[in-house]
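> The structure is given below, and queries will be raised subsequently.
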Amino acid sequence: MGTGIAQVAATHGCTVNLIDSAPDALDRSKFNLQSTLNRLVEKGKVSEVDSNNILSKIKWSIEMEDIASSELVIEAVIEDMIVKQQLFTKIEPLVSNNCIIATNTSSLSVFDIASVCSNPSRVLGVHFFNPVPLMKLVEVIPAEQTDTTLIEGVKSTLISWGKTVVTAKDTPGFIVNRVARPYYGEALRIYDEGIADFATIDWAMKKFGGFRMGPFELMD
């Protein structure tokens, strides 16, 4: 998901440092984005000049120190509280006191993630949906510790990226994933009862349900 967030930010003029500890993951990210942009150019949805500009605004790096001058850092690692907390303790000393640190968690407690920071008031949730360039909605989730004066600035940035922004309480699943739990549950029951396989369920929900991704694609 980090690649999609980087694409959206760069498309709207932001300079982006895309950090990953695994060089192979960075190579895949760059290849996938280049392939995506090539397809958009072929379809006439993006000019070659704009495609090159987007790529030029993104730096792929394994060096965490490259985030030092960032005004906004968005974490998008796996949904594991310990992993996220460990990462936040590494991010905080590297950035300025004015840098906002956001988590892209889809359901974990933003309060708990922020609690490991010496200045948790600059931490909040910014939850994108996959695929990020196509899905307009973003949930902004202030934690109990979040400085409320930061919220409107973050929302304005996201709106400038072409997103539709809603503010959610810091509760499990926030808004969309809490509503989606029955969607996943019924899909699993349909499979367990032998009514249809994974691929058929995903196909039906995309073809007739209007979803961009099927329930099993989303769960993956």
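> Counting just the residues of the range 82-109 that are under 17 Å from the mean Cα position of the chain (by Cα) and farther than 21 Å from A22 by Cβ, which one comes out surrounded by the most Cβ atoms within 10 Å (Cβ to Cβ)?
So, considering only residues that are under 17 Å from the mean Cα position of the chain (by Cα) and farther than 21 Å from A22 by Cβ, the one surrounded by the most Cβ atoms within 10 Å (Cβ to Cβ) is I101.
> Output the qualifying pairs, or none if there are none: Cβ atoms under 7 angstrom, residues six or more apart or on different chains, first residue in the range 127-144 and closer than 14 Å to T157 by Cβ and modelled with pLDDT of 95 or more, second residue surrounded by fewer than 21 Cβ atoms within 10 Å (Cβ to Cβ) and hydroxyl-bearing (S, T, Y).
Taking only residues 6 or more apart or on different chains, the pairs are V140/T167.
> Could you list all residues from the range 23-67 that are surrounded by 13 or more Cβ atoms within 10 Å (Cβ to Cβ) and either outside the structural domain of L87 (by TED's automatic domain parsing) or among the acidic types (D, E) (or both)?
Those that are surrounded by 13 or more Cβ atoms within 10 Å (Cβ to Cβ) and either outside the structural domain of L87 (by TED's automatic domain parsing) or among the acidic types (D, E) (or both): D50, D66.
> When the residues of the range 127-180 are narrowed to those that are crowded, with 18+ Cβ neighbours inside 10 Å, charged (D, E, K, R) and in contact with a Phe, Trp or Tyr (Cβ under 7 Å, 6 or more places away or on another chain), which ends up farthest from Q7 (Cα to Cα)?
The residue in question is D170.
> Follow-up. Would you please name the residue that is farthest from G153 (Cα to Cα), looking only at residues in the range 113-126 that are touching a helix residue (DSSP H, G or I) at 6+ places or on another chain (Cβ under 6 Å) and surrounded by fewer than 22 Cβ atoms within 10 Å (Cβ to Cβ)? Let's see the steps before the verdict.
Pass one, the range 113-126, residues touching a helix residue (DSSP H, G or I) at 6+ places or on another chain (Cβ under 6 Å): 113-114, 116-117, 120, 123, 125.
With surrounded by fewer than 22 Cβ atoms within 10 Å (Cβ to Cβ) added as a condition, the list becomes 116-117, 120.
Working: V116: 23, C117: 21, P120: 17 Å.
If we take residues in the range 113-126 being touching a helix residue (DSSP H, G or I) at 6+ places or on another chain (Cβ under 6 Å) and surrounded by fewer than 22 Cβ atoms within 10 Å (Cβ to Cβ), then V116 is farthest from G153 (Cα to Cα).
> For residues that are polar (S, T, N, Q) and either in contact (Cβ under 8 Å) with a residue 12 or more places away in the chain or at positive phi (or both), tally how many sit in the range 31-52.
Here is the first cut: in the range 31-52, the ones polar (S, T, N, Q) are 32, 34-36, 38, 47, 51-52.
Cutting the leftovers down to either in contact (Cβ under 8 Å) with a residue 12 or more places away in the chain or at positive phi (or both) gives us 32, 34, 36, 38, 51.
The qualifying residues number 5.
> Going by what's in this entry, would T200 be described as closer than 15 Å to M135 by Cβ, among the hydroxyl-bearing types (S, T, Y) and at pLDDT 95 or above?
Details: closer than 15 Å to M135 by Cβ: no; among the hydroxyl-bearing types (S, T, Y): yes; at pLDDT 95 or above: yes.
No: the conditions fail for T200.
The values are calculated or read from the model by the stated rules, or taken from the named source; none is laboratory data. Please read all numbers here as calculations on a predicted model, not as lab measurements. With ideal geometry, Cβ positions are generated from the backbone for all residues, glycine too; neighbour counts draw on all protein chains shown.
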